[in-house]
1. On a full-extension model of 0.36 nm per residue, what is the gain between A326 and E345, subtracting their alpha-carbon distance, rounded to one decimal in nm?
2. Tell me which residues come under 5 Å, amide H to amide H, from N167 once H is placed; ignore anything under 5 positions away on its chain.
3. Using r as the Cβ-Cβ distance of I222 and K165, and R0 as 30 Å, what FRET efficiency do you calculate, to the nearest 0.05?
4. How many angstrom lie between the Cα centre of region 79-114 and the Cα centre of region 256-311?
5. Mind scanning K245/K266; K169/K266; K179/K216; K216/K339; K190/K288 and naming the pairs with a C-alpha gap bigger than 24 Å?
6. Given the Cα-Cα distance of A363 and A78 and 0.36 nm per residue of separation, how much length would full extension add, in nm?
7. Kirkwood Rh over alpha-carbon pairs of region 110-211, then Stokes-Einstein at 25 °C and 0.890 mPa s: what D in µm² s⁻¹, rounded to an integer?
8. Pop a pseudo-label 7 angstrom from the Cα along the beta-carbon direction at both K266 and V370 and give the gap in nm to one decimal.
Amino acid sequence: MKSNTRSLRALLRIALLAGSTLLIASSELRASAGCCGGTGAFGLDGRWTPLDLPPVPKKERIVSIHNASFGSTRDLYAEINATFGKEWVKKTNYSLTVNGTHGPSFAQTRVLLADTSDADFVTLDHPSAIDELALRGRFLPENWRTRLPNNSVPFNTTIVFLVRKGNPKAIRDWPDLAKSGVAIVTPDPKLNSVGQWIYLAAWSTALQREGGDVEKARASIIELYHNVAVLNSNSDGAAQTFTEKKTGDVLLLLESEALALAAQDKAYEVVAPPASLRVETPVAWLDKNIEKHGTARVTISYLMHLFSPEVQEIAVRHHYRPIDEAVAQKHASAFAPVKLLTLDETFGGWTQAYTRFLAPGAALDRDYPVMTTKEIIVQR
């Protein structure tokens, strides 16, 4: 605990808790009676750690922080905001408002780079979106992954298939998606972060299946995308195409979203393939903004709290796979036994995966015209 306390002091010494702008999707909690005058923070184990910080005047005990998050996390973070806020109010006697905007990761990045968002932290589904904030916007250091446990990924998900009740096309594994007569709905990998995860998942499983033979794997990827009926610009649009417009036989999407959809409507079933790619959902505080707002201490504490067992339990309730081993073992039956391939073992890490497959001029750019030679409805 001593080393943890020292690291917290180093991180939080700059904090001057103050107000911030109130945006949308807020969760607000107000203190009735405080105890600690704001002289502590949540540690990496989720426990409160007293710190030798100066007390904050009572008139300044109002703080608001803003989370820029990817689209399907609204309910997840609403619950996390409430649990964190209650502890924060109890321990510090501050009035706390946690605001959130939710949308595609790349859209959140564009808004931040355009200086039209004042987010204190981001909770996205794509490492390159945060890399862009570091490289282009200088919002945070390039080594942002190293500042929190598990490369700053508090929970994971994977890519699965949502089919219609009874699974009439008998889709069980990735090769089944390329069978004649199967119509796929998926987000466009050229436009959407989830679409890119799906594309990488198809590649990772194809490489495993083909013993690392790149050309055979490439052929199977092209064959799969020839069965795409609709490419949507985002995952929400893809879900609407499949569920509301009744288009397609199978929807490719995040497991967290698929389980939520299947729980809401018994007309759909989740098919988890034997192997798929682990999808990372990284988080980071934005140094440039928290220093400007004076919200460093509460923002960093909030992100540390995501790795606590309490929040890991919340993640499970919202269909995300926890990284805490005890929580994962406790809820093992909540998730299908998928072999989760990783970016590191399949591609050598995120940077290599991006450079090889997603960067301008890489595999996706080269193959996209061939992948979409058949009649595909592209919905922007």
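Read-outs: derived from the displayed coordinates by stated rules, not from any lab. Here the structure is a predicted model, which is why all the values come from computation and not from measurement. We place every Cβ from the backbone using ideal geometry, glycine too, and count neighbours over all the protein chains shown.
1. 4.4 nm
2. none
3. 0.50
4. 12 Å
5. K190/K288
6. Full-extension gain reported as 98.8 nm.
7. 148 µm²/s
8. Modelled inter-label distance: 4.6 nm.
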